[in-house]
Amino acid sequence: MALSGRARRRIQRAFEALEAAWLSDATRGALASHLDERSARRELVDLGAEHPDADVSTRLAELDASLTGEAARARYVERHGALGVQRFEAAGGAVILLLPVETFPDHVNNIYWVRSASGTLLFDVGSGSPTARRDLALRFAVAREVFGEPARFDEVDVALVSHAHLDHFGGANDVRDETRARLAVHELDARVLACFSERSILVAKDIDVYLRRAGGDLALRQKLLSMYKGSRERFRDVEPDLRLKDGDRILGHEVVHVPGHCPGLVCLRVGDVMLSSDHVLARITPHQFPQAITPFAGLEHYFASLAKVRELPVRLTLGGHEEPIHDLAARVDEIAAFTRRRLDDTAAALSAPRSVVEVARALFGEQKGYGDLLAIEEAGACVEYLHALGRLKVANLDEVTREVDPVVRYVTRT
């Protein structure tokens, strides 16, 4: 049985409950775990039996050995990290710490703290939610107590937002309120932070128009727009200090602009390590948006951005979610192939006329909650790209000509 994201998180949380023995009493008290040592071990035994490929028993044996001596502990930490925190070194001497935080319920982001001769940098800032704030404080404490790094949120020199999606930038208010850090973001995403309340209103209008033309009825549009607006009420506008462009250097690290998943998405090259945010991930492909909703997004930009990073001379790629990637080119090829198969599936679903909402149902089935909006946007990005390539045509052109705001139905060209 393949190891699901939920199972991975259960395994990690159980190990964290045991690794907490390395922490001070004050830091251990901040650990968000309902597991004591006995229940954590029982959970790991059960999960190990259920998912033998996870090799839980080997790691558990290594953890037990690590509690008996510094050398064994150092080996364990080098291989597995500690309480989710992992340490990497890049060519040129920079140190990178991976700090996982729960940005939304059951949704984990990787934030990166980078120390080099030029200063300290935080790559992404989380969502600003209570769980994200709690986890970030804990991970910084682990960085100090276990790894011996002088890592403190309030002493970061630069906080770089990789792109303007809320799980990556929502903590920018905390950066402004609690640190001396300069806040940096690509120029195409700077307006999202600086004019967030304005943009939220305009994007909600754009989404409503798109959903109507995509075939969404009134009840569906109201439900999805209510969810979209509700997740954006906490953030207040914040003006970035630095507006970045492709090729800029920040504390000596290279900014690589990779539009597609988001207009201003950037990766950061730290020596021979690349922080890839959501552009390249180890297991999943990032969500895609049609340009009709988000300019500078869309699959044409995404394919070009994948090709752009494929040949970069990097040894290790660290994503905004999930595990490290050790072969960037191979993973890029997998993602590109997967996305092209989805385009073929989209074309097959349009052998008969369908709206974008109907295509989303054909591709992804019935979705719940926010997943419904994501499915429609993903299907919309595929339909938009195929239509631009001339592989589709509008099936109800007469209706589109007559009506003020009609549902548009597409069909493959024969």
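Every read-out reported here was derived from the displayed coordinates using simple, explicitly stated rules and does not represent laboratory data. For clarity, every value in this text was computed on a predicted model and none was experimentally measured. Because the Cβ atoms are built from the backbone with ideal geometry, glycine has one as well, and the counts that use them run over all protein chains shown.
Taking the Cα centre of the range 350-412 as origin and assigning +1 to Lys and Arg Cβ atoms and -1 to Asp and Glu Cβ atoms, the resulting dipole is close to 240 debye. Computed about its Cα centre, the charge dipole of the range 262-368 is approximately 120 debye, with only Lys, Arg, Asp and Glu carrying charge at their Cβ. Largest mean-square fluctuation among Leu183, Leu220, Leu389, in a Gaussian network model of the chain whose springs join Cα atoms under 10 Å apart, belongs to Leu389.
Structure remark: mean-square fluctuation, Gaussian network model of the chain, C-alpha springs under 10 Å; the largest value among Thr285, Thr401, Thr27 belongs to Thr401.
Placing R0 at 41 angstrom, the Cβ-Cβ distance between Phe296 and His80 gives a FRET efficiency of 0.60 after rounding to 0.05. Does the range 5-80 classify as rounded, prolate or oblate by the C-alpha gyration tensor (a ≥ b ≥ c root eigenvalues; a/c under 1.5 gives rounded; else a/b over b/c gives prolate, otherwise oblate)? It is oblate, given that a/c is not under 1.5 and a/b is not larger than b/c. Full extension of the chain between Ala307 and Leu397 gives 28.8 nm of extra length, using 0.36 nm per residue less the Cα-Cα distance.
Short-range pairs are left out: with C-alpha atoms under 8 Å and at least six residues apart, the relative contact order of the chain is 11 percent.
Taking a ≥ b ≥ c as the square roots of the eigenvalues of the Cα gyration tensor of the range 344-414, is the shape rounded (a/c under 1.5), prolate (a/b larger than b/c) or oblate? Oblate, because a/c is 1.5 or more while a/b does not exceed b/c. Here r is the Cβ-Cβ distance between Arg315 and Asp345 and R0 is 35 Å; the resulting FRET efficiency, rounded to 0.05, is 0.55. For the chain, the longest principal axis of the Cα atoms and the long axis of helix 5-19 meet at an angle of about 20 degrees. Rounded to the nearest 20 debye, the dipole size of the chain about its Cα centre is 520 debye, using +1 on the Cβ of Lys and Arg and -1 on the Cβ of Asp and Glu. Which FRET efficiency value, to the nearest 0.05, do you get for Val209 and Phe147 by plugging their Cβ-Cβ distance into 1/(1 + (r/R0)^6) with R0 = 56 Å? Efficiency, rounded to the nearest 0.05: 0.65.
Packing, as the average of other Cβ atoms within 10 Å across residues, places the peptides 92-100, 335-343 in the order 92-100, 335-343, highest first.
Think of the range 350-412 as having a plus end and a minus end, set by charges on the Cβ of Lys, Arg, Asp and Glu; of Val356, Leu373, Pro406, Val356 sits farthest toward the positive end of this dipole. Placing unit charges on each Cβ (+1 for Lys and Arg, -1 for Asp and Glu) gives the chain a dipole about its Cα centre, and among Phe235, Asn109, Gly92 the Cα reaching farthest toward its positive end belongs to Phe235.
Note on the chain: dipole from Cβ charges, positive end direction compared against Leu265, Leu211, Gln288; the farthest Cα belongs to Leu211.
Beta bridges per DSSP, both residues in the chain: antiparallel share near 70 percent. The listed peptides 120-128, 106-114, 234-242, ordered by packing as a protection proxy, come out as 120-128, 106-114, 234-242 (highest mean of other Cβ atoms within 10 Å first).
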